[in-house]
Amino acid sequence: MEYVSTRGSAPALDFEGVTLAGLANDGGLYLPREWPRFSQEEIAALAGLSYPALAARIMQPFVGDCLTPERLRRLTAKAYDRFSHKAVTPLGQLDERHWVLELFHGPTLAFKDVALQMLGLLFEEFLSGKNECLTIVGATSGDTGSAAIDAVAGLENVEIFMLHPKGRVSDVQRRQMTTVRAPNVHNIAIEGSFDDAQAMVKRIFADGDVTAKLRIGAVNSINWARLMAQVVYYFAASLQLGGPQRKLAFSVPTGNFGDVFAGHVAARMGLPIERLIVATNVNDILHRALSQGDYSAGTVTPTAAPSMDIQVSSNFERLLFDVGGRDGAALADQMHSFNAQKAMRLTNAQREGAARLFTSARADEAETSQAMRWAYEECGQLLDPHTAIGLHAARLADVDPTVPVVTLATAHPAKFPDAVERATGIRPGLPARIGDLFAREESYVELPGTYEAVRDHILENAA
Ligand SMILES: *Cc1c(COP(=O)(O)O)cnc(C)c1O
């Protein structure tokens, strides 16, 4: 399998290459040159497989010759062994029509574990053969940091420097990062906002003094391997609910457009999907883009669903490329003008291509709370605020009433206890397996919000 950049001028790479590279060197994102297809018979034959076995089957065409089927099966078995539910991503039923796909049974209680547990093992697999070390540098507003740290803690050929904005992540989120004690884990609290932390990470990637000494890697969802791992649960849900004979709709709480893009990939591979519903909070650039063709960034409004508080949605570029004719040169021009003006119009081809599968809706803070209350009072289910935004969009969506609608539950309610308690009166408790989080000792450094301080800290502490 060969991967090409959405901006057309970076070299094509194989799966190992895109996993270690993250971003393409022309500023674009990697995608398979063509989509592997499964026939309806082939999809039907996947029914009854365990989650790790299903994962290996779905991932194999993307991995190509970079791993043998046997090796890949061993990695998926190991990656999903640490999930607290045997089904890994079980389905819950809310009412006759609405289902929730629980993606939060991993070690850090958010869906990012599903992809990052796999990515950590892929890094190790590809690097140990080469005897090389990868230095991961990332910035987090909460969930990515803890999931990435958990996934790579203790690995031999990988170290991680994770920046979080001091005082601006929740206590649960911070402790999930800072209580992991492993020599290859480095937590940094910086003065400033998440955007400041993110900007420093981008500078590190572009700093020749750093890249001459260290091989820098990425764990955010620009990394193709993360999206690949997320395709699997769309198949798993469909097979549980009558697929491939019966079509489903999915409602996806969306920030960087990685999770819902994995649904688009599943559809491209042949999985019958009626609709993908992109659910946003009041930071609704994607809802405006999909409903009106207006992709323009403003300023971030903090909400009860912080992992969706974004202005620019990196993976949307992958959709624009795939539905807009796969013209890398034209997309490079479009993205450069967006970067300069912070606004652009979608082309007709992009709008029409997206409209065939995607629809969108937004939820404000009151609607988010209302959805949490409805799920609790009518269905007896506690949902986290991100999932509640997905449910709000699912209940609004204009989808054939005979089609089941599956809302992706992206975080455990205990990760956002204050918002859940405000909406429902119930304070969700942490699951027993991480119940001693507040008794564990934390370890992190605090740095001023200057690039030099962060760069020097990384150079001094990298292995
Ligand atoms: C990261 C995250 C999202 C957004 O997912 P994207 O793939 O960035 O669209 C939604 N909910 C939760 C809880 C998250 O951690």
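Computed from the coordinates by the stated procedures, all read-outs in this text should not be read as laboratory data. In this text, all values refer to a predicted model and were calculated from it rather than measured experimentally. Methodologically, a virtual Cβ is constructed for each residue, glycine included, from the backbone with ideal geometry; neighbour enumeration extends over all protein chains shown.
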Item to complete: Evaluate the distance, in nm, between pseudo-label points positioned 7 Å from the Cα of Lys342 and of Val312 along their respective Cα→Cβ axes.
Response: 1.1 nm
Item to complete: Report, by chain and number, residues whose modeled amide H sits under 5 Å from the one on Met344, excluding near sequence neighbours (fewer than 5 apart, same chain).
Response: Tyr295, Ser296
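Relative contact order of the chain: what whole-number percent is it, with Cα pairs under 8 angstrom and at least 6 residues apart?
Numbers: 911 pairs, mean separation 86.4, N = 463.
After rounding, I find 19 percent.
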Practice prompt. May I ask for the net charge around Ser128, where only other residues with Cβ less than 15 Å from the Cβ of Ser128 are counted and Lys, Arg are +1 while Asp, Glu are -1?
Written response: -1
Worksheet item: Out of Leu127, Val312, Asn184, whose Cα points farthest toward the positive end of the dipole of the chain (charges: +1 Lys, Arg; -1 Asp, Glu; placed on Cβ)?
Response: Leu127
Practice prompt. For a footprinting-style exposure proxy, rank Met200, Met269 by other Cβ within 10 Å, fewest first.
Written response: Met269, Met200
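Taking 0.36 nm per intervening residue step and subtracting the Cα-Cα distance, what contour gain separates Val445 from Gln245 on full extension? Don't skip to the answer; put the middle values down first.
Values: separation 200, 0.36 × 200 = 72.00 nm, distance 5.37 nm.
Gain on stretching Val445 to Gln245: 66.6 nm.
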Worksheet entry | Mean ellipticity per residue at 222 nm, deg cm²/dmol - from DSSP H runs of n ≥ 4 across the chain, formula -39500 (n - 2.57) | -13000 deg cm²/dmol
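Using 0.36 nm per residue of separation minus the Cα-Cα distance, give me the extension gain between Arg74 and Asp14 in nm, one decimal.
Numbers: separation 60, 0.36 × 60 = 21.60 nm, distance 2.06 nm.
This chain segment gains 19.5 nm when fully extended.
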Item to complete: Of the options Ala423, Ser337, Tyr444, report the single residue whose Cα projects farthest towards the positive end of the charge dipole of the chain (beta-carbon charges: Lys, Arg +1; Asp, Glu -1).
Response: Ala423
Practice prompt. Starting from the eigenvalues of the Cα gyration tensor, five times each then square-rooted, give me the equivalent ellipsoid semi-axes of the chain, largest first, whole Å.
Written response: 30, 26, 24
Discussion item. Could you give the length gained by full extension between Asn131 and Ala44, i.e. 0.36 nm per residue of separation minus their alpha carbon distance, to one decimal place?
Written reply: 27.2 nm
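Let me check I've understood the local charge: for Gln381, count other residues with C-beta under 12 angstrom from its C-beta, Lys and Arg +1, Asp and Glu -1. What total comes out?
Working: positive: Arg373; negative: Asp95, Glu102, Glu377, Glu378, Asp384.
With Lys, Arg at +1 and Asp, Glu at -1, the net is -4.
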Worksheet item: Which of the listed residues, His98, Ala79, Leu346, is farthest toward the dipole's positive end in the chain, when Lys, Arg count +1 and Asp, Glu count -1 at the beta-carbon?
Response: His98
Discussion item. From the phi angles alone, apply the Karplus equation (6.51, -1.76, 1.60; θ = phi - 60°) to segment 6-13 and give each ³J(HN,Hα) in whole Hz, x where the residue is Gly or Pro.
Written reply: 5, 10, x, 10, 6, x, 5, 10
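For the chain, give the share of DSSP beta bridges that are antiparallel, in percent and rounded to the nearest 5; count only bridges with both residues there. Let's see the in-between values first.
On the way: 11 of 47 bridges.
Roughly 25 percent of the DSSP beta bridges within the chain come out antiparallel.
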Worksheet item: Counting other Cβ atoms within 10 Å of each Cβ, which trypsin sites (Lys or Arg not before Pro) in segment 53-140 have at most 11 and sit in a DSSP loop?
Response: Lys86
Item to complete: Could you tell me the distance between the Cα centroids of segment 425-439 and segment 227-273, to the nearest Å?
Response: 30 Å
Item to complete: Please report Glu156, Glu191 as a ranked list, fewest other C-beta atoms within 10 angstrom at the top and most at the bottom.
Response: Glu156, Glu191
Worksheet, complete the sentence: One finds the C-alpha centres of segment 158-219 and segment 33-86 to be spaced, in Å, by 31 Å
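Please give me the summed charge of the neighbours of Asp456: other residues whose Cβ is under 15 Å from its Cβ, Lys and Arg +1, Asp and Glu -1.
On the way: positive: Arg203, Lys213, Arg455; negative: Asp207, Asp209, Glu446, Glu452, Glu460.
So the environment of Asp456 carries a net charge of -2.
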Item to complete: Arrange the peptides 333-345, 394-406, 365-377 so that the one whose residues have, on average, the most other Cβ atoms within 10 Å appears first.
Response: 365-377, 394-406, 333-345
